[in-house]
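Visitor: Next up is a structure, given as structure tokens.
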Amino acid sequence: MTPERFRVAPHERMNPLWVALERHMQQSLAELRALNDTSLPPERTEHIRGRIAQLKALLALADESKPPPT
């Protein structure tokens, strides 16, 4: 039995908490992408890419058009 994936329901997307979290995650994502574009050691780049992937997965919870990455 496959567990149901967590989703942010349409009415929850207007909740002030989700709006604030989404804004924070978008800002963090932009900062991490800019940092990833700099010259860093491979281990640091891997860490940043992992954080970017996690933020994108969280943001995708509210996106109806595509499922979050597995």
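Visitor: Against the longest principal axis of the chain, how steep is helix 42-60, in degrees 0 to 90 to the nearest 10, with axes from Cα atoms?
Guide: Once rounded, the angle reads 20 degrees.
Visitor: Please give the net charge around Leu32, taking every other residue with its beta carbon less than 12 angstrom from that of Leu32, where Lys and Arg add +1 and Asp and Glu add -1. Please report the intermediate quantities before stating the final value.
Guide: Values: positive: Arg33, Arg44, Arg49, Arg51, Lys56; negative: Glu31, Asp37.
Value of the local net charge: +3.
Visitor: Give me the distance in nm between label points sitting 7 Å out from Cα along the Cα-to-Cβ direction at Leu58 and Arg13, one decimal.
Guide: The answer from the label model is 1.9 nm.
Visitor: Now a separate question. What is the angle, in °, between the Cα long axis of helix 16-36 and the longest principal axis of the Cα atoms in the chain? Nearest 10 is fine, range 0 to 90.
Guide: On a 0 to 90 degree scale, this one is about 20.
Visitor: Under a plain spin-label model, where a point goes 7 Å from the Cα along Cα-to-Cβ, how far apart in nm are Glu22 and Ala34?
Guide: 2.3
Visitor: Quick one: 3J(HN,Hα) in Hz for region 4-11, Karplus 6.51/-1.76/1.60 with θ = phi - 60°, rounded, Gly and Pro as x.
Guide: The phi angles translate into 5, 6, 5, 9, 8, 5, x, 6 Hz.
Visitor: What number comes out for accessible area per residue over the chain if the probe is 1.4 Å? Units Å², please.
Guide: 79
Visitor: Now, a different point. (i) 41, 34, 17; (ii) 34, 22, 21; (iii) 51, 32, 17: which one is Cα extents along the principal axes in Å as calculated from this entry?
Guide: Matching entry in (i) 41, 34, 17; (ii) 34, 22, 21; (iii) 51, 32, 17: (i).
Visitor: When a/c reaches 1.5 or more, the comparison of a/b and b/c decides; with that in mind, is region 1-42 rounded, prolate or oblate per its Cα gyration tensor?
Guide: Oblate.
Visitor: If contacts are Cα pairs under 8 angstrom and at least 6 residues apart, what is the relative contact order of the chain in percent?
Guide: Averaging sequence separation for qualifying contacts and normalising by length gives 36 percent for the chain.
The values are calculated or read from the model by the stated rules, or taken from the named source; none is laboratory data. Please read these numbers as outputs of a predicted model, since none were measured by experiment. With ideal geometry, Cβ positions are generated from the backbone for all residues, glycine too; neighbour counts draw on all protein chains shown. Accessible surface is based on the protein model in full, side chains and every heavy atom, while ligands, DNA and RNA are left aside. Shrake-Rupley method; radii C 1.70, N 1.55, O 1.52, S 1.80 Å.
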